[in-house]
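Here is the structure we will look at.
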Amino acid sequence: MSSMKRGYYFLRLNGSRNKLPCHYNGVGNLDRTFPVTMRKERIIRFILILISLAFMTVFMSHIRVLPIEPSFNSYEQIHIYRIIGNDLPPRHKVGQVLQNTRFILENEPDFPNTKKWWIINRIVDNEYENAIIDLLKQHKKDYIRIPFNVDEYLRADFRLEDFPEPDFFHSYEFMNFTKVAKIRTIDYTYHDKNIYVMNNNGGRNVALKHGQSQPNARWIFPFDGNCFITNSAFTEITSQIEKWGKDYKYFVVPMARLLNNSQLLSDSDQKPETPEEPQIIFRHDAEEKYNENMRYGRRSKGLCLILNMIESPMTGVPTPSRFIARPVIPWETNENAQNTPSNYTSKSLYMKVGWVFRLFSGQASQELNQKESGALRAFNRLLAIQDLIDGIDERIARTHKNFNPDRLFLYDENSLSNARIKYWSGDEKITRIVDVMLNRADEITSEVSDLHKVDDSLFLNTSIQITFLKLNTDSETNLPDGESNEMPELESRSNEMPELESKSNEMPELDGKSNEMPELDGKSNEMLESSISTSQLFENITTLTLAQYFSGNFLYSRWAANLIRTFLLSSYGIGEEDKITLLEYNDTCLDCNVFDEGYGFPYLNKIPRTIPKNSESSSVFYKIPKDIFETDPSHFLDSCKLLYRIKALTHREFVELQALASYWLEYLISSPEGTSTGRKPDHRGTLYDLQILSLSGFIDDVRLHLRVSNRLRMRIGKQFYIARDVSLMNAAKISQPYEMMYVKNMIRNKMIKPSAYEDEVFRYKSLNLHYWMLITRIIQNVKVSNDLWLYKSKDGQKLSKAIMSHLNKYEVEGRKKHGLFLLKPLMYIAHKAHKISSKFSQRNNENEYFQRILIKFSEKYSFDYSDESERRENIDSNVGLGNRIRKNGVPPFWMFGIA
């Protein structure tokens, strides 16, 4: 090959690589443009590099650098679960759960190799639950729904029998507790309801089980619904679990509380101080799970093995032995000792990693990192839980069980209506009783009509059957016995002892009513005789109302309504001496310590139950009858409802009656006298429960009505005693020791003679059981609470056994001492309660017992006379009228709808 060709060949090779134009000059040198071209190209490259760097600088300034993805394989996914529960005011602001859920969905970043789930945990409000579901669907998030089921919830009852003594809430030990100790003690009674409704650990275990069922899940985060994870927190957590994940199955993530969620939207994403209770991460093969028997509000985040090792307010990881040894109050379960294995070694199960933020609760004072804030959170958390559960019970009572305050509570409406139909059909036995009713109603109207005259100055609404009346004060010639403006048929409380009623500091046995008062001086008798018995007033109103119900004669209902107007509402003119003896009561001056006692605690007064009082009413409207603690209002309140139905009472008057009942109720549950009476372990405490149960239902306060009907069951174990060496099946061995103590104190204070001991014991035992049976029948008729007849105390006491014991002991000898008038209504009312309960429970030996005992008594509608010389009094006693039967707790015409 020639030199020229060889040079051309290399030139082509170079040209093919550099694509620079060259030619041979014939002298053996290359004439090139290469150097100039290269300089231009370098300048262009340099400019392009500068432009690229400037562009990258601007771009990087507007974005965050994503964290380096951990080296997890696809089969080592992280599954984050958030458990969403109910709002809990005052612990949380109303609507905070929904607001925080939206904040997380809109602001929390997506993490690599991570799947997010949401668990909707027994949201009670269907509309609120649907709003959460719609929000999750809008953001295309997966969720698991744990529904709230009413039937399942109703299987949970209150824990009332685990305390050191029966009826613990009325004990002096409980009375001396601090307010916090009281609220914690009451919280224990909600244990089973709390477990179901809050389902805190149950929801976490659902997350664990679901995560462990996912094929690619390596790590499971069962976090609270308000937890927020930032990029830095996630990076820290994942780097640590990648490093230590082969050695540990559990990781503890401490928490920091926020006062403002917007703090998470700033550029700063640094580790905060984390003094709060942690969350827990589980490896997919973890054996442990959450203890579902630990209720919310009582360290519910503990594991079976890690329980309480993760709850130090300072570090989040205390030494286990210190918490295992923590003392537990007697009625609480010691989960520490039960759940810590014998082969446990410190820090062998977990390590602490990263952090997590707890979004704002809406209550700033409870989120500060201070001891006071923690105490306030704990206290309000317990209040919120109880308020939520009380609200659920109220909703179920109204929507599922159809609670209706206009329904009769004591008299069963179907039975009452059937008796009226039989009367209209000419049934002889019922007609005989109704004839007595009408005869007594005629006597009442005849005697009170002389005390009133038609008030023509008042406008008469022809759409209602009312004639407005006022007292006839023009003349005293029509008044019997020269008593000015006094109703003769309203018998005085000549056998009671008013000076003992207000002595709340005496022993429970000493301040009751007495029915034999030989030692009272003439001045005391005059004072008593000038009073009108509230219980007799109520009996007359009920008699007139039932007379109208059976006969259809509106004259009776008009007079019943006018007795209410004159002596309770004081709607029209009234003479100075026509009065019920009253107590002054100022509801703004009560002892503050009283508000953490009785049925009004915790803080029931914050629930709107009272009807606004009418400012135009007279001062009597704001007074309390002095014999209020001795008066059963249940049949009277039913009469008011019947009068309102037939428009004998106007709507305004009925509202005023509800306001008056509300005022009486407030006095009973808030006054020192009321709370003191409520602590009595005998018939006085039972009547107190009967009063509150009746009044709360009348004013439509379902929460208080339910609270009383549940808590009063605690009295059964207190009042009825079973000998320890006798089989519980032997009903004859059940006694009422506190009634015997009450009678002994009457003898000690010379209120009765020692020779009257047996008769008085029989009387007060019967009185107490009558009150219990009226409570039982009210609960059965209202149908929103658990049947009291079926309740059994921890030691085996039941009302049915107490009734059978009483009847067995006194049935024979009672016939000889006028006791039949007490035993017969008691037996028939108890038999009615048994029949109602047997519809929903298995048949037992009670059926056989009542079949045997019924044949020992005359028929329910028949009359029994023990002495023809007392025929009038005996007739009244048969039907539930008159002082002798009234002071023993038997309501008027008990055979119509009660028995």
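The values are calculated or read from the model by the stated rules, or taken from the named source; none is laboratory data. The shown structure was predicted, so the numbers you read here are calculated from the model rather than taken from an experiment. So basically every Cβ, Gly included, is an ideal-geometry build from the backbone, and we count neighbours across all protein chains shown.
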* Asked: Taking the condition of a type in the set (Ser, Thr, Tyr), in the same structural domain as Lys289 (by TED's automatic domain parsing) and within 27 Å of Gln719 (Cα to Cα), does Tyr196 pass?
  -> no
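Condition first: under 29 Å from Ile898 (Cα atoms) and at pLDDT below 95. Can you find one or more residues in the range 573-587 that meet it?
Residues of the range 573-587 under 29 Å from Ile898 (Cα atoms): 580.
Now drop any that are not at pLDDT below 95, which leaves 580.
Yes, that holds for at least one residue.
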* Structure fact -> Contact list, first residue from the range 116-144 and without any contact (Cβ under 8 Å) to a residue 12 or more places away in the chain and closer than 15 Å to Glu106 by Cβ, second anywhere and of a type in the set (D, E, K, R) and surrounded by 11 or more Cβ atoms within 10 Å (Cβ to Cβ), beta-carbon distance below 7 Å, six or more apart or interchain, is none
* Structure fact -> When the range 402-433 is checked residue by residue, the ones that are outside any helix (DSSP H, G or I) and of a type outside the set (A, V, I, L, M) are Asn402, Phe403, Asn404, Pro405, Asp406, Arg407, Phe409, Tyr411, Asp412, Ser425, Gly426, Asp427
* **Residues located in the range 653-700, provided they are buried (at least 23 other Cβ atoms within 10 Å of the Cβ), at pLDDT 95 or above and among the acidic types (Asp, Glu)** => Asp682
* Structure fact -> Just one listed residue, out of His770, His806, is within 36 Å of the chain's Cα centre (by Cα) and at pLDDT 95 or above, and it is His770
* Asked: In the range 187-202, is there at least one residue being farther than 23 Å from Leu383 by Cα and charged (D, E, K, R)?
  -> no
* For residues in the range 885-899 being more than 20 Å from Ala441 (Cβ to Cβ) and modelled with pLDDT of 90 or more, which is surrounded by the fewest Cβ atoms within 10 Å (Cβ to Cβ)? -> Lys887
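Listed residues Lys750, Lys680; which is outside the structural domain of Asn781 (by TED's automatic domain parsing), under 27 Å from Glu161 (Cα atoms), not β-branched (Val, Ile, Thr) and not in a helix (DSSP H, G or I)? Before the answer, list the steps.
Numbers: Lys750 fails: under 27 Å from Glu161 (Cα atoms).
Being outside the structural domain of Asn781 (by TED's automatic domain parsing), under 27 Å from Glu161 (Cα atoms), not β-branched (Val, Ile, Thr) and not in a helix (DSSP H, G or I) holds for just one of Lys750, Lys680, which is Lys680.
Does the range 297-317 contain any residue that is of a type outside the set (D, E, K, R), modelled with pLDDT of 75 or more, closer than 28 Å to Ile183 by Cα and buried (at least 20 other Cβ atoms within 10 Å of the Cβ)?
From the range 297-317, those of a type outside the set (D, E, K, R) are 297, 300, 302-310, 312-317; that's our starting set.
Still in the list and also modelled with pLDDT of 75 or more: 297.
Applying the additional criterion that residues be closer than 28 Å to Ile183 by Cα yields 297.
Filter again for buried (at least 20 other Cβ atoms within 10 Å of the Cβ), leaving 297.
Yes, the conditions are met somewhere in the range 297-317.
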* Structure fact -> Considering the range 138-162, residues that are loosely packed, with under 11 Cβ neighbours inside 10 Å and of a type in the set (D, E, K, R), and then whichever is farthest from Leu790 (Cα to Cα), we arrive at Lys140
* To do: Specify which of the listed residues (His92, His62, His79) is at pLDDT below 80 and under 26 Å from Asn205 (Cβ atoms).
  => His92
* Asked: Residues Asn205, Asn200, Asn130, Asn176: which one is of a type in the set (S, T, N, Q), modelled with pLDDT under 95, more than 27 Å from Asn786 (Cβ to Cβ) and more than 15 Å from the chain's Cα centre (by Cα)?
  -> Asn176
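For the range 855-884, what are the residues that are of a type in the set (A, V, I, L, M) and at pLDDT 90 or above? Write out each step before concluding.
Of the range 855-884, the ones of a type in the set (A, V, I, L, M) are 855, 875, 879, 881.
Listed by number, the residues that qualify are Val879, Leu881.
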